[in-house]
Each structure stands twice: as C-alpha cells, then as structure tokens.
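Taking it in order: structure first as structure tokens, then the write-up.
The values are calculated or read from the model by the stated rules, or taken from the named source; none is laboratory data. Everything numeric here is computed off the predicted structure, so don't read it as measured data. Neighbour counts run over all protein chains shown; Cβ positions are idealised from the backbone, glycine included. Note: accessible area is taken over every heavy atom of the protein model, side chains too, but ligands, DNA and RNA are not part of it. Shrake-Rupley method; radii C 1.70, N 1.55, O 1.52, S 1.80 Å.
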Amino acid sequence: MELRFLGGAGEVGRSAILVNDSLLLDYGMLAGTPPKFPVDAPEPDAVVVSHGHLDHAGAVPALLSGRDRPSIHWTPPTRELALTLARDTLKLHSGTFRCPFTETDVQRVTQVSETHGYGETFEAAGHEVTLYNAGHIPGSAHVLVDEAGRSPASSRTRSVDDGDTRLFYTGDFHTDDQQLVAGTTARPDADVVVCESTYADVEHDARADVEARFVESVETTLWEGGSVIVPAFAIGRTQELLLVCEQYDIPCYVDGMGKSVTKMLRGHPEFVRDADALRRAKSHARFVTGRNGQRERIVDQQAAIITTSGMLSGGPAMTYIPEIRSNPTNKITLTGYQVEGTPGRNLLETGSAEIDGRMLTVSARVEQYAFSAHADRSGLRSLLDEYRDAEILVNHGDRCDSFAAELENEGFSASAPAVGETRSV
C-alpha cells in the first residue's frame, strides 16, 4: 500500500492522505491568513471523509471542480456538516483565495455523496472500507481501509507474503465520553495505523472537573450581575455546552452557525449519546435571530451566550465582545484551543484583540476551559497499545516527530511522515 501525505503531517490542519493513488482520506484546510490547502490537487476515484470539521472536510468540494466526479463517502451527519461548512465558506469568501470552490462544486457534492453507518463495509476505489465511531463529534469516524478484504474481526496476524495491507486511519478521536458523544471503543485489526497526535503531550483534566469549574464560574458571574460570552465552535462544542447549561439550569442563548447545526443533529439521534438530552438542551436554550437589535439587548440579561466563532475570528462574537468588554463583572470563557495568531489567542495572552477590524482592550475577565474532543496522551496510548505489532505513522499534531520517537523508544515501529512525503507500507 502506498500513502501520500498531502497535508496534516506535522501540523493540525488540511488533513489529506492519498491511498494507492486512488482513494483519498479527507481533504481539509488549515485556517489562517492566508489559509493553507493540501499540497496537491489529486484526482482520486473515491473520497472518504472522517468527520465534518474544516481541517478534514473544508476543501472537499474543490475535488469536483474538474471533469472527474469521485464518489464521496461519509456518515450522514458528516455529509450535512460538510455541506453546511461549504455553504458558509461560499457566503463569506466566494471568489477569493479563501474559497477554492464554487456553488456548482457544492451542488455536485450532493450528486456523488454516499452515506454509511458505523460498521457497514463498502467498496471505494477498489478497497473495502469500514467506518467506526471515533467519539470526536457526531458522525466522526475511524476509517479502516482493506486491500485484501479480510473480515474486520480477523486476527491481527498477517501472512508475511500475502502482499496486502490493512490501514486504520484514526481521524480525530476521543476515548472518553462527552455529554454529546460516547468515546470510541473500536480497535479493528490493522497492519498500519495513521494516528492523530493533537494532545500527545497533554493530560486532560477529568471532564466532570472541567464542567464543574465552568459551571461555578458562569453561575458566579451571573449572580454578580454580569453576562458571560462563550465563544464556541459551531460543530460539537456548541451542543456540548448547551447540554451542560441545561443540566445545571444555566440560562443561555445560542447564536451563529451552532443554531443550524444543533437543529440538524436532532435529525440524527443514532449518532449522539443521548438524543433526549439533546432535545431538552435545545428547548432550554433561546435561539438568537439577530433581528431588531436583539444581540445588543440580550448582553445585559445575565445569561450565558454561546456563539461562534470559537477563536473570535468572526461570527456574532464580533457584536457581543465590544458590548461587554468594558465591564470587569462580565466574562469571556474560551472553550477550545486557540490557534496562534487568532484574536482568541491574542486575547488570552495580552488582554487585547482585533475584533471586527478594531484593536480592543478587554476589561472583562477572560478564562479558558479545556472542553477538548480529542484524546489526550493517555487516550492516545490506550489505543496504540492495541497495535504494538503494527506500523504507526503519527500525524495531525505539532510534535509528531517527538511522539513518534517516544513510541519508537518503547518498541513500537513508529515514525512521522512529512507533508508531501510518500510512504510504502
């Protein structure tokens, strides 16, 4: 099996791996100024998308800009999420270098899309492929790619001369339960594992402890008469926080793309941990329309306002932050990783950030909570310990080389490919 790493190697973003020059795993983008896309424009026969985040699915429509029409395989929520992101990218950046596709390309995606459930084996570009719950966001999947067509339950012991390889692409995954999705337990037979390593050197605090600190902080601010702006990623994180707010009866609003994503996920109950809890959370929250100055009014209503964007780089947060920034009773609780150079990262480090084209000093208190949807060091090791006889290729991280070297020192066959590199496995 030949693997070409078109992105996502030694970096978090633009994940794209070409298998045997015919099957593409993910085709994402790396957000930034300027954004980065995979280093080549492949012409695969089929594409399998692990989940609906920009860094894995954000450039998929661009694959349909030419004459070729590769089939696109994903779970139903991933299809909906990828299309939502694509339409949002068109809305914000159509005709610019930030959007590598057209409305026609997005329409073509719907024509070649094929959806699959977990555990369902299907054929794609001459390979047998099976998706497994990855525990990251609703619909997220590990991708098992089989050249030989062995049963997923077969032994990990492979004949040394059968000439075929079974690849396990983890995508992004979490081994612990979240409010929204259950952690992954899938460990299919594989000869080669391409494993993410986002938090390879981090141990997350217990999720219950993170939730408790977040709830206490928000409740204290509301009791003191302040408001709390909760910047959150629209996909996964917004719904996780809505579930927390409902569980602890915190009054909350939801704004931005997270509104449509929440409604969409209600239509896929089999891909969330507790569909009834998500229904209650949606009913508990008040959805912001943005009409007639609503955003300016609700900032004084002593509530949590969960809104995009998670890194303060756009969205309704551009309205809320200027409104609450001058009052130290108010609070901004960042709930996700802040990429270097983003307004969210600058706000954490300096107390100031460029918001909607203006450099603003923020007197409101700023906090960060690690509601991560990725496995930490222990989670990564718990999965990889099941693959000590496999070849491990470490990707999707800032410190891939050091994590691969650590694994190698412990007896694994591990390495970290570079962007543009081709590996025969």
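For a 4.7 Å threshold on C-beta separation, the list of partnerless cysteines in the chain reads Cys99, Cys195, Cys400.
Considering only Cα atoms, the convex hull volume of the range 357-425 works out to 165 Å³ per residue.
Under the classification rounded if a/c is under 1.5, otherwise prolate if a/b is larger than b/c and oblate if not, where does the range 212-322 fall, given a ≥ b ≥ c as square roots of the Cα gyration tensor eigenvalues? Because a/c hits 1.5 or more and a/b fails to exceed b/c, the range 212-322 counts as oblate. Modelled spin-label separation between Asp398 and Glu114, with each label point placed 7 Å from Cα along the Cα-to-Cβ direction: 3.9 nm. With every protein chain in place and a 1.4 angstrom probe, the accessible-area ranking of Val39, Val228, largest first, reads Val39, Val228. Dividing the convex hull volume of the alpha-carbon atoms in the range 1-114 by its residue count gives 91 Å³ per residue. Of the peptides 390-396, 138-144, the order by per-residue mean of other Cβ atoms within 10 Å, starting with the highest, comes out as 138-144, 390-396. From its DSSP helices (H runs of at least four residues, each -39,500 (n - 2.57)), the chain gives a residue-normalised ellipticity at 222 nm of -8000 deg cm²/dmol. Shown for the chain is the translational diffusion coefficient from the Stokes-Einstein equation, using the Kirkwood radius over Cα pairs, a temperature of 25 °C and a viscosity of 0.890 mPa s: 111 µm²/s. Mean projected area of the Cα convex hull of the range 285-399, taken over all directions, amounts to 9.8 nm².
Charge dipole (Cα centre; +1 on Lys/Arg Cβ, -1 on Asp/Glu Cβ; no other charges) of the chain amounts to roughly 1860 debye.
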